[in-house]
Amino acid sequence: MDTFFAGDEGYDAEVAGFQTGIRHRPAVVVAAASADDVKGAVRLARERGARVAVQATGHGARAPVDGVLVTTIRMDGVRVDPVARTAWVEAGVRWSAVIEQAAAHGLAPLAGSSPGVGAVGYTVGGGVALLGRTFGYAADHVRAFDVVTADGEPRHVTATSEPDLFWALRGGGELLAVVTGMEIGLVPVPVVYGGGLHFDAAQAAEVLSAFRELTVAAPETLTSSVGMVGLPPIDAIPEPLRGKHVLHVRLASTEPLDPSLLAPLRAIGTLADRVGEVPAAEVGSIYGDPDFPHSYVGDNVLLGELPPELLDVAHTLAGPAAPVPCVLDIRHLGGAMARAPEVANAVPYREATHILRVLSPADDADAVDAARAVRHEVFKAAVPFAVGRAATFGYGPVDADPSLPALRDPATAARLAQVRDEFDPDGVFFVGG
């Protein structure tokens, strides 16, 4: 069990994560390479009277942590069972490793849009999957967890061995135990039919209206989204898109796409049309999310409907004329995500039809405040149609403004609190939002 203290060589590199806007300064960092190391870290924290936080990739960091930080990126084992259609995934594994190994057998995990995200943290938070409308949330496909609880003891958590903790770890999005490994179900998807359509932001009203109609007509085999973002004038961006503010409609289907579904969008006129067959091992290309560490803030609202007037407000306030750079992202939910799994879990707000996100780069306090002001203007228009917020789609400091929808419905929040009281009565684990 390697440990680092402030000032030690390697300390800064160990605490660094994908989210560079949050700077952790824990008293001790434990670089865990095994479940025994995690057990030792929790026991060390108890001895010191310190809190425990966990970091794999650091995508979802929301607040600086003190006490003991357990880094799990060295726990990178993946085992795929092609007959059972399952994978065992250790705590620090990125989705890219699971995708690659599963694809060799014509299978796929319920990963999201960014293969570089840590599989465990994503799943514990629910996991809005690339193929979510067809198969549900990633948390719906968990078979078992291995964890270390706040007493420093290892446990194997299933629906029968620890039903309350099993419920909470699948979608609760809270640190109730340190997950050292999980068994997940895989789905038979060797090829995804989809890709992306890019449009100039000057066509935003038409594109967003056509996207809304697409989500009304879409079968459950199709999961789609639209993003609006300003792209930099750099060589890494292809010429039709370089330096432009664009809309990007992303498509992921388990069945060949009906051309009539995309005809209204294509009739608007695209900057780029990259829709076709995508091998399961290459699904990260559909969104093309940034894979380099950077600083960002953002939040979301879960919508019960997507009215045209909200789309007008969103692209006006968070588009090219916004006072700070913004990424506007709208994802279509529903389908299998609206249905509870056979073994119930803590994913809230399954009635939501869409998620509306606004993100911004933020390198200093003024930028954080400016980005928050833009988000609040967008969300003010969204609140009449909102059912809640998704805890794991919040980035940077938690926004406790009471005018925003709650992160969890009252029943889910109350049950999560009961599980915390049972499994972490002394408050060993860090609660960051």
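The values are calculated or read from the model by the stated rules, or taken from the named source; none is laboratory data. Remember, it's a predicted structure, so these values are computed and weren't measured experimentally. Cβ placement follows ideal geometry from the backbone for every residue including glycine, while neighbour counts extend to all protein chains displayed. These accessible areas exclude ligands, DNA and RNA; they are computed on the full protein's heavy atoms, side chains included. Shrake-Rupley method; radii C 1.70, N 1.55, O 1.52, S 1.80 Å.
Structural remarks
- The stretch 407-433, residues that are touching a residue at least 12 places away in the same chain (Cβ under 8 Å) and within 21 Å of residue 353 (Cβ to Cβ): 407, 408, 409, 412
- Evaluation of residue 66 against (1) modelled with pLDDT under 95; (2) under 21 Å from the mean Cα position of the chain (by Cα) (one fails), failing number: (2)
- Filter result for residue 124 (within 21 Å of residue 332 (Cα to Cα), among the aliphatic types (A, V, I, L, M), in contact (Cβ under 8 Å) with a residue 12 or more places away in the chain and surrounded by fewer than 24 Cβ atoms within 10 Å (Cβ to Cβ)): no
- Looking only at the stretch 232-264, residues that are open to solvent by less than 60 Å² (accessible area, probe 1.4 Å), in a helix (DSSP H, G or I) and closer than 22 Å to residue 334 by Cα come to 2 in all.
- Pick from the stretch 285-300, criterion at pLDDT 95 or above and over 14 Å from the mean Cα position of the chain (by Cα), ranking: surrounded by the most Cβ atoms within 10 Å (Cβ to Cβ): 286
- The lone exception for residue 357 - which of (1) in contact (Cβ under 8 Å) with a residue 40 or more places away in the chain; (2) open to solvent by less than 70 Å² (accessible area, probe 1.4 Å); (3) farther than 19 Å from residue 399 by Cβ it fails: (3)
- Matching residues in the stretch 219-231 - criterion: being open to solvent by 10 Å² or more (accessible area, probe 1.4 Å) and in contact with a helix residue (DSSP H, G or I) (Cβ under 7 Å, 6 or more places away or on another chain): 220, 221, 223
- The stretch 84-102 - residue that is over 23 Å from residue 177 (Cα atoms) and crowded, with 21+ Cβ neighbours inside 10 Å and, of those, nearest to the chain's Cα centre (by Cα): 99
- Neighbours by Cβ (under 7 Å, 6+ apart or cross-chain): first from the stretch 51-79, under 23 Å from residue 292 (Cβ atoms) and open to solvent by 20 Å² or more (accessible area, probe 1.4 Å); second charged (D, E, K, R) and modelled with pLDDT of 90 or more: 64/25; 76/90
- Some residue of the stretch 219-234 being among the charged types (D, E, K, R) and at pLDDT 95 or above: yes
- Evaluation of residue 134 against (1) β-branched (Val, Ile, Thr); (2) in contact (Cβ under 8 Å) with a residue 40 or more places away in the chain; (3) part of a loop (DSSP other than H, G, I, E, B) (one fails), failing number: (3)
- Cβ-Cβ distances below 9 Å connect the following pairs, each with a first residue in the stretch 387-406 that is closer than 12 Å to residue 372 by Cβ and touching a residue at least 40 places away in the same chain (Cβ under 8 Å), a second residue that is assigned to a helix (DSSP H, G or I) and open to solvent by 50 Å² or more (accessible area, probe 1.4 Å), and a separation of six or more residues or different chains: 396/372; 397/372; 399/372; 404/383.
- Verdict on residue 133 being basic (Lys, Arg) and surrounded by fewer than 23 Cβ atoms within 10 Å (Cβ to Cβ): no
- All of (1) touching a strand residue (DSSP E or B) at 6+ places or on another chain (Cβ under 8 Å); (2) within 18 Å of residue 60 (Cα to Cα) hold for residue 400 with one exception: (1).
- Residue in the stretch 418-429 that is of a type in the set (A, V, I, L, M, F, W, C) and under 20 Å from the mean Cα position of the chain (by Cα) present: no
- Exactly one residue among 191, 147, 216 is surrounded by 21 or more Cβ atoms within 10 Å (Cβ to Cβ) and of a type in the set (Val, Ile, Thr), and that residue is 147.
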